[in-house]
Amino acid sequence: MSRSGRPLTHWQHRLAERGVDRQLWLLVPALVFVIALFLYPFFYGLTLSFQPTTGGPFSDYARFFSDSYERGTIGITLRIALPAALLNVLAAVPIAYRMRGRFRGKRLVTTLLVVPITLGTVLTAQGLLNFLGPTGWFNRVLLATNLVDEPVRLTHNYWGVFLSLVITGFPFAFLLVLSYLSGIDPTLERAAATLGADWRHRFTRITLPLLMPGLATTFCLTFVLAFSVFPSAVLVGNPAGETRVISLAAYQAAYEQYDYPYASAIAMIMGFVELVVIAVVLAARSRFYTGSTGGKG
Amino acid sequence: MATTTQAPPARPPATSTDRRRRIAARPAAWIVWGVVIFFFLNLLGVVASVLVSSFGRRWFDTWLPDGYTTDWYVRAWDEFALLQVIVVTLEVSVLVVGLSLLIGVPAAYALARRSFPGKRLIFLVFLLPILMPPITYGIPLATVLYKFGLAGHLSGVVLANLVPSVPFVILTMTPFIEQIDPRIESAARMCGAGLRTVFLRVLTPLLVPGILASAILVLVRTVGMFELTFLTAGPDSQTLVVALYYSMSASGIRAQQSVDAMAVIYTSMMLVLLVVALRYVNPTQLVAQVKDEPEH
């Protein structure tokens with residue numbers, strides 16, 4: 001392992017035997033970077049959250065949980081993010097199942113689905129305001145076809161935020177599920193068909209169990225996106241009331257009240273809640289088979 | 001192409017040789033395609049309503065605007081100082097792409113080729129910035145950057161945007177590096193090449209497709225990244241998406257249509273990037289780093 005020609009000292013030999021040698025210096029820039037810009041700010045925020053401007057070390061956490069307006073933001077965020085993530089994943093499964101084979105225009109469909117992801121939440125919000133507003137095309141169509149008598153209110157409330165999460169989240173979930181599905185060996189299903197299983201059995205007994213780890217991963221990633229919803233909660237939601245999500249509470253503490261310890265405390269609570277949900281999903285995921293032929297979850 | 005895509009798979013059974021087509025019952029197929037078409041119609045409506053509004057002279061409670069004009073673009077360009085905003089956006093994107101590649105590719109190489117104690121832990125540390133919502137670590141990060149006087153300037157925006165980009169480069173590059181036969185490197189080493197020569201003369205040329213792919217992906221993500229830029233940008237370091245947000249949340253001051261015009265400028269920039277991106281990467285790569293296996 002001596003590349004410079006110098007003989008290795010004893011401890012260098014020992015380390016090299018375990019795979020530690022000078023090539024690992026390649027990792028150093030990235031590690032320094034992650035430590036300086038991710039871990040250090042994170043722990044800085046963590047310690048800052050225990051040093052509130054007034055009161056004892058836990059008073060900012062106590063302040064958050066004792067104020068029902070602040071505490072409620074956790075529930076509001078979960079009520080928006082969990083159903084949106086769940087709907088995105090569940091809707092993606094049958095559609096991806098149908099589209100996993102080869103057909104003409106498949107690349108066009110997947111390309112079109114990438115568009116809303118790249119549009120981002122800000123533009124989606126602007127579009128939804130125009131499209132779903134009381135005089136927008138959506139309500140016009142409903143009124144013209146006599147499905148409703150007066151415009152449906154879909155913006156500046158829960159549904160605006162929910163729909164913006166579906167528009168950006170569903171394509172994301174679909175593309176992931178599609179790639180997991182195409183990672184499952186199709187001969188397994190053919191074998192089941194030979195043994196007389198109809199499509200429902202093949203799906204519930206073969207494909208779905210193999211897909212479950214991938215679905216759990218997809219759910220986690222979609223949930224992360226939905227959980228940190230911020231622009232659309234302000235722009236198409238009702239940021240003072242039913243869509244006052246936790247990221248908005250953290251932002252207001254930091255940039256409107258300039259109370260960085262309190263903002264850090266809220267950010268920590270936010271990260272904790274999110275990690276709890278992800279941990280639950282991943283714990284459930286570990287109970288499924290994650291071997292060679294089941295997706296790449 | 002558009003017509004063939006959205007048409008339901010209604011081939012006559014006599015000519016159907018594809019087994020998979022016959023697996024499911026027909027009504028299910030219709031429902032699935034119906035949902036997809038409904039989704040696309042709404043998506044089209046969302047994008048088109050912004051586009052039409054930005055060209056509309058006056059649009060009030062009618063199907064289409066009274067007349068059409070391009071004035072809003074001129075106004076948006078002046079009112080929002082868009083030239084400066086676009087220049088900042090480009091500067092930030094180029095810096096973020098370059099730096100994240102420089103930092104990420106060597107690390108991806110070490111992670112793809114070597115096994116060493118603590119590798120899983122290091123991998124997890126690199127994964128965390130992608131798994132956490134940007135606001136969660138963005139607020140402490142912005143606090144730290146303000147403490148060192150970096151936030152509010154271009155450097156702060158670049159540093160903040162690097163946090164998810166470097167791990168993203170590492171994750172996208174790892175499969176590309178794993179595909180390269182290690183014997184090629186061994187051969188180069190036998191012929192006397194050092195680590196640097198191996199990297200510059202052997203690996204980099206082989207990795208060009210992977211580097212291009214991850215550069216484009218980072219570029220798309222950086223231009224679209226709202227939260228981190230929003231938290232760290234000062235008045236002269238706003239990117240397009242942040243400027244768009246500010247103009248939207250302060251609507252009422254400015255005409256709706258000029259905000260729409262700005263949104264269209266942003267969208268067309270993203271679409272150009274997207275078209276470029278799709279020449280080099282598979283659509284699924286835009287959302288995750290899943291290796292797409294050849295279709296059977």
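We did not get these values from a lab; they are worked out from the coordinates using the rules stated. Quick caveat: nothing in here was measured; it's all calculated off a predicted structure. Cβ atoms come from the backbone with ideal geometry, glycine included; neighbour counts cover every protein chain shown.
Translational diffusion coefficient of chain A at 10 °C, 1.306 mPa s, Stokes-Einstein with Kirkwood Rh over Cα pairs, in µm²/s as a whole number. Answer, rounded: 69 µm²/s. Neighbour counting of Cβ atoms within 10 Å sorts the residues B:Glu91, A:Glu17, fewest neighbours leading, into A:Glu17, B:Glu91. Centre-to-centre separation between the Cα atoms of the stretch A:46-97 and those of the stretch A:116-163: 26 Å.
What does the charge count around A:Val280 come to, taking other residues whose C-beta lies under 14 Å from its C-beta (Lys +1, Arg +1, Asp -1, Glu -1)? Net of charged neighbours comes to +1. With contacts taken as Cα pairs under 8 Å and at least 6 residues apart, the stretch A:41-285 reaches a relative contact order of 32 percent. Remark: A:Ile167, A:Ile266, B:Ile135 ranked as A:Ile167, B:Ile135, A:Ile266, counting other beta-carbon atoms within 10 Å and listing the fewest first. Take each residue of peptide B:217-224, count the partner chain Cβ atoms within 10 Å of its Cβ, and average: the result is 2. Footprinting exposure proxy ranking of B:Tyr146, A:Tyr258, B:Tyr266, fewest other C-beta atoms within 10 angstrom first, gives A:Tyr258, B:Tyr146, B:Tyr266. Relative contact order of the stretch B:75-286: 33 percent, from C-alpha pairs under 8 Å at least 6 residues apart in sequence. Need one number: the % of Cα-Cα pairs in the protein assembly as shown sitting beyond the 36 Å mark. Roughly 41 percent, rounded to a whole number. For a test of the definition: using alpha carbon positions, the gyration tensor, and the 1.5 limit on a/c, classify the stretch A:158-224 as rounded, prolate or oblate. Prolate shape, in that a/c is at least 1.5 and a/b is the bigger ratio. Taken residue by residue and averaged, Cβ atoms of other chains lying within 10 Å of the Cβ of A:199-207 number 1.
Inter-chain Cβ neighbour count for B:110-121, averaged per residue, equals 3 (cutoff 10 Å, partner chain atoms only).
Note on B:Ala28 and B:Thr197: the extension gain reaches 55.1 nm, defined as 0.36 nm multiplied by sequence separation minus the Cα-Cα distance. Over the Cα atoms of the stretch A:113-207, the radius of gyration divided by the Kirkwood radius equals 1.23; this is the Rg/Rh ratio.
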